[in-house]
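Q: Let me begin by handing over the structure; questions about it come next.
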Amino acid sequence: MPKPKAKRPTPPRAHRRSPAAGAGGLGLAAAAYVGVDYARRHLSPAWWRWHGRLQPALWGALALAAAARAPFYRRWDAELRAAPRFLAAMALMLAAFLCEAVSVRFVSTVLGLQWHRSTAPLPDTGQWLLLALNEKLPQIVVDLLRAPIISLHHYLMLFIMLGFSALFDCIKGPGLGIAARYMFTMAVGRLLRTVTFLATILPSARPWCAEARYRIPDHPHPWAQKYYAPYASDPDAIHRVIQEDMPYAFVKEYPGEYRPSWGHMSFLVDILRPTVEEGSSWYHFLKKASGGCSDLMYSGHMLVAVLTAMAWTEAYGGWISVVIWFLVLHSAQREIRERHHYSVDCIVAIYVGILLWRMTGFIWSAIDNSHARRLAKLDKVQNRLFQAAKDSDMDEIRGLLNEVELAGQERKGFSQRVILSFSSAMIVFTLSFQRNGSSHGSLTWNMEMDQ
């Protein structure tokens with residue numbers, strides 16, 4: 001009889017979800033969260049009366065379900081090992097946000113209020129296309145495109161929901177692993193964005209923004225007075241500065257700059273450009289920077305949306321991931337339609353977000369690598385295994401096979417007391433998050449309009 005062919009080693013497999021997850025329970029919860037909030041805000045005024053009870057009740061039920069499931073979660077060891085990466089990624093993300101806030105204030109104020117008033121928005125063919133479609137499409141379709149179905153805080157909450165679903169085996173744990181990847185990718189994306197919009201200052205698609213938001217001087221910053229204003233519009237001056245490659249023009253007389261005493265933070269005075277009307281605290285200026293009033297290449301809102309969609313696609317998949325991608329495209333056209341951003345900002349944010357997420361799989365991946373680790377261990381011990389088989393040494397064979405099996409298992413490096421303390425802290429955090437979820441939602445709603 002011919003010998004049966006040996007089976008080929010199978011490649012690493014994606015995480016197998018629990019039956020509840022396979023039935024779409026997590027997707028239904030995500031859709032319910034977005035749908036209920038949209039109905040509350042835009043469809044029926046009666047929802048406003050019930051939302052004060054319904055939304056906290058929804059988050060309370062989810063938080064209590066997570067707390068009830070936590071004692072039976074089998075991957076607390078992995079969560080503990082992921083905790084340092086999570087904390088490091090959070091610190092990097094907060095540092096990136098601080099750097100971005102300082103830079104946003106600088107590009108919004110350096111050219112002065114008169115530049116914002118007089119500089120026309122850039123021509124945007126994406127805006128033209130949407131206006132043309134408004135004339136051709138049925139009104140119900142136009143109304144759907146205009147509808148504020150989803151906003152920034154929804155994307156953030158959807159990711160938090162995805163991360164906590166590791167407790168129910170809806171996604172591959174550890175949940176802190178995917179959270180660390182999300183925040184690390186966000187931090188890198190924000191830093192790249194900061195470098196990009198600092199490199200070239202673009203006029204806002206909303207020319208009234210600076211006058212409505214800031215109390216900045218009409219005249220440019222001293223740096224812009226010397227290096228930009230004399231060469232801004234005169235073709236002869238531009239030609240000459242190109243030839244000489246040195247600033248040569250006489251700087252006009254401008255009013256002096258307000259210079260408060262900020263102690264060790266005085267180096268920020270030239271960057272934040274404070275005014276008497278706006279107060280004297282440097283922290284106040286950073287808080288007020290928000291989304292700025294120059295166009296910020298690329299869209300921070302769209303970066304959050306794309307990273308959330310990428311996380312759902314890799315970790316969970318299914319119909320809800322397709323829905324989230326459609327919501328991302330809907331958000332992009334709304335950003336352009338409402339002139340929070342130019343079309344190029346949204347397009348760049350989409351492909352930058354996709355590429356960054358694909359590059360950070362070393363932090364967390366949905367692929368189950370235990371099979372690959374077993375195969376690698378088997379390759380290492382196969383010569384010893386053959387020799388033990390020739391010698392009929394059954395104890396050696398059992399020991400080697402046990403090593404192969406253990407190679408595919410996660411290391412157990414923490415005591416039960418440490419794991420219990422960590423899981424209890426996570427449960428407390430879950431319940432605290434539920435209590436404060438509504439206030440965080442209102443905060444990120446305000447942030448969304450500035451992205």
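The values are calculated or read from the model by the stated rules, or taken from the named source; none is laboratory data. This structure is a prediction, so every number in the text was calculated from the model and none was measured. Reconstructed Cβ throughout: ideal geometry from the backbone, glycine too, with neighbour counts over all protein chains shown. Each accessible area value is taken on the protein alone, full model and side chains, heavy atoms only, with ligands, DNA and RNA left out. Shrake-Rupley method; radii C 1.70, N 1.55, O 1.52, S 1.80 Å.
Q: So how do Trp223, Trp325, Trp76, Trp208 rank on accessible area, 1.4 Å probe, biggest first, that is with the largest at the start?
A: Trp208, Trp223, Trp325, Trp76
Q: For Val269, Val344, Val195, give the ranking by accessible area with the largest first, probe 1.4 Å.
A: From most accessible down to least: Val195, Val344, Val269.
Q: Another question, if that's okay. Once you keep just the Cα pairs under 8 angstrom separated by 6 or more residues, what percentage relative contact order results for the stretch 101-259?
A: Answer for the stretch 101-259 is 41 percent.
Q: Follow-up. Gap in Å between the Cα centre of the stretch 89-115 and the Cα centre of the stretch 153-197?
A: 22 Å
Q: How high is the relative contact order of the stretch 212-294, in percent, with contacts defined as C-alpha pairs under 8 Å that are six or more residues apart?
A: Relative contact order here is 28 percent.
Q: How much net charge surrounds Pro222 when only other residues with a Cβ under 12 Å from its Cβ are counted (Lys, Arg +1; Asp, Glu -1)?
A: Local net charge: +1.
Q: Amide H of Ile367: which non-local residues (sequence gap of 5 or more, or other chain) have their own amide H closer than 5 Å, using H built in the peptide plane?
A: It is none; the list stays empty.
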